[in-house]
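A.B. asks: My structure is below; once you've seen it, I'll send some questions.
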Amino acid sequence: MGTGNWSQVTEFIILGFPQLQGVQTYLFLLLLLIYLTTILGNLLIFLVVRLDTRLHTPMYHFVSILSFLELGYTAATIPKMLANLLSEKKTISFSGCLLQIYFFHSLGATECYLLTAMAYDRYLAICRPLHYPVLMNPTRCAKIAVGCWLGGLAGPVAEISLVSRLPFCGPNHIQHIFCDFPPVLSLACTDTSINVLVDFIINSCKILATFLLILSSYLQIIRTVLRIPSAAGKKKAFSTCASHLTVVLIFYGSILFMYVRLKKSYSLDYDRALAVVYSVLTPFLNPFIYSLRNKEIKEAMRRQLKRTGTLG
């Protein structure tokens, strides 16, 4: 295609849920409530873990980082989604779209690595308890956390670089609720097979590798727990994994179907629904999962409330 036949697209229009145009205000209020709850819930868990010395253990160190991560993860997409629900012109600049994709995928990758580190932590605590204090000391915890962040932030650089070089000459309507690689690639006016292949390989390696590592850790944990003679001991061991495993199943259950596929084989509404699960519902549910199912965090919250005078 000659360069004289087209002009470069400078902005995109995010369509969101076009079939729900009549209830945009209600969707805005619902999403705003979910977002505020997500912020308050994750911020509360982060502060409680940081302020309560009894929770200064590797497991809760990773939980606090996950809560902090969710604040950035949701900030990458939800504020723009809220603005679009009330705006007549649901636009985002080309550079803004690429930035949204970068932060969403880099923080999502960081979450994959962090959930894997949390599974490894539970494996060491249950399967190798005598060596646990040495193998998971504060220095190693800090190094693992930094490694998760660095790996995540570096993850989408190659994909973003390839997309930034593509020509976009129209149409510019993104059939999704936020900017993401698949819907943006579908708008390029050139062959994107290399981009699709690179995206598939990177996502497959990142998502499948971390999921298999988590699965491997839990298989070892199950084998060890089943050897515990007492029912109380088994229950205690499994209870330390329940919250993490719940989060893993919700998060990976949606992103595996969304990103580990070479061809688009599902409807646009299906993709939008999956996007709501991993971008909105998972961060929203995390504070409830970790607070309602975790006795130590609930007790730490009570101690902090008593300390501030909120509880008598």
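The values are calculated or read from the model by the stated rules, or taken from the named source; none is laboratory data. Computed from a prediction, not measured in an experiment: that's the story for all the values here. In this analysis, Cβ positions are derived from the backbone assuming ideal geometry, glycine residues included, and neighbour counts consider all displayed protein chains. Ligands, DNA and RNA are excluded from the accessible area calculation, which covers all protein heavy atoms including side chains. Shrake-Rupley method; radii C 1.70, N 1.55, O 1.52, S 1.80 Å.
A.B. asks: Filter region 20-77 down to the residues that are farther than 17 Å from residue 279 by Cβ, open to solvent by less than 30 Å² (accessible area, probe 1.4 Å) and either modelled with pLDDT of 90 or more or hydrophobic (A, V, I, L, M, F, W, C) (or both) and list them by number.
C.D. replies: Once the filter is applied, which keeps residues that are farther than 17 Å from residue 279 by Cβ, open to solvent by less than 30 Å² (accessible area, probe 1.4 Å) and either modelled with pLDDT of 90 or more or hydrophobic (A, V, I, L, M, F, W, C) (or both), region 20-77 yields 45, 48, 49, 55, 58, 60, 62, 63, 64, 65.
A.B. asks: Could you tell me which residue of region 153-185 is farthest from residue 273 (Cα to Cα), considering only residues that are part of a loop (DSSP other than H, G, I, E, B) and free of Cβ contacts under 8 Å to residues at least 40 places away in the same chain?
C.D. replies: 165
A.B. asks: Follow-up. Could you list, ordered by first residue, the pairs with Cβ atoms under 8 Å in which the first is in region 238-255 and closer than 14 Å to residue 288 by Cβ and among the hydrophobic types (A, V, I, L, M, F, W, C) and the second is open to solvent by 50 Å² or more (accessible area, probe 1.4 Å) and not in a helix (DSSP H, G or I), at least 6 apart or interchain?
C.D. replies: 242/293
A.B. asks: When you check residue 119 against the structure, is it touching a Lys or Arg at 6+ places or on another chain (Cβ under 7 Å), in a helix (DSSP H, G or I), open to solvent by less than 20 Å² (accessible area, probe 1.4 Å) and among the aliphatic types (A, V, I, L, M), yes or no?
C.D. replies: In short, no.
A.B. asks: Can you pull out the helices (runs of 4 or more DSSP H) entirely within region 203-294 that have at least 3 residues that are open to solvent by 20 Å² or more (accessible area, probe 1.4 Å) and of a type outside the set (A, V, I, L, M, F, W, C)?
C.D. replies: Of the helices (runs of 4 or more DSSP H) lying wholly inside region 203-294, those with at least 3 residues that are open to solvent by 20 Å² or more (accessible area, probe 1.4 Å) and of a type outside the set (A, V, I, L, M, F, W, C) span 209-226, 231-259.
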